[in-house]
1. Every residue in region 59-90 that is under 14 Å from MET27 (Cα atoms) and surrounded by 17 or more Cβ atoms within 10 Å (Cβ to Cβ), please.
2. Kindly list the number of the only condition in (1) basic (Lys, Arg); (2) within 18 Å of GLY18 (Cβ to Cβ); (3) modelled with pLDDT under 95 that fails for LYS95.
3. Pairs needed: first member in region 73-89, in a loop (DSSP other than H, G, I, E, B); second member anywhere, among the small types (Gly, Ala, Ser); C-beta distance under 9 Å; at least 6 residues apart or different chains.
4. State all residues of region 78-92 that are modelled with pLDDT of 90 or more and among the small types (Gly, Ala, Ser); if no residue qualifies, say none.
5. Could you list, in sequence order, the residues of region 14-35 that are under 12 Å from LEU83 (Cα atoms) and modelled with pLDDT under 85?
6. Considering only residues of region 33-57 that are in contact with an Asp or Glu (Cβ under 8 Å, 6 or more places away or on another chain) and not hydroxyl-bearing (Ser, Thr, Tyr), which is nearest to GLY18 (Cα to Cα)?
Amino acid sequence: MKMIDTSNHPGRSYCRTGYVENISSEMYITREFCRRTGADYDQVKNTTWLKTDEVHENVLHLIAWPEPFTSPEGEQAAVQNRLRQLLYPLSFDKKENWRP
């Protein structure tokens, strides 16, 4: 059986206690999401490289890329990794390695 290591793929998902850690080019997050993941809601809201819109009290619409992500390489990979670092800071270590 052939196994493929996806642990460094920018689009990977991890099951965490209370949520699934994943990212998408377009997302909706809440303050509760941020409480669980360790993200700073206001920092996410004010991040200049994301399009953000507070569509409802405490519901933030994010657009990180103009279409669905299709590549784990290049500029798309960089954006996916920046988004993952922003939204899941407790899973990110400063050596840019992700802890499963």
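1. Passing the criteria: LEU60, LEU62, ALA64, TRP65, PHE69, VAL79, GLN80, LEU83, ARG84, LEU86, LEU87, TYR88.
2. (2)
3. TYR88/GLY38; TYR88/ALA39
4. Across region 78-92, the qualifying residue is only ALA78.
5. Across region 14-35, the qualifying residue is only GLU21.
6. Result: CYS34.
This table checks each residue for (1) surrounded by fewer than 16 Cβ atoms within 10 Å (Cβ to Cβ); (2) in contact with a Leu (Cβ under 9 Å, 6 or more places away or on another chain); (3) modelled with pLDDT of 95 or more.
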position	(1), (2), (3)
ARG12	no, no, no
THR37	no, yes, no
ASP40	yes, yes, yes
GLN43	yes, yes, yes
LYS51	yes, yes, yes
GLU57	yes, no, no
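The values are calculated or read from the model by the stated rules, or taken from the named source; none is laboratory data. Please read these numbers as outputs of a predicted model, since none were measured by experiment. Using ideal geometry, Cβ is built from the backbone for each residue, glycine included, and neighbour counts are taken over all protein chains shown.
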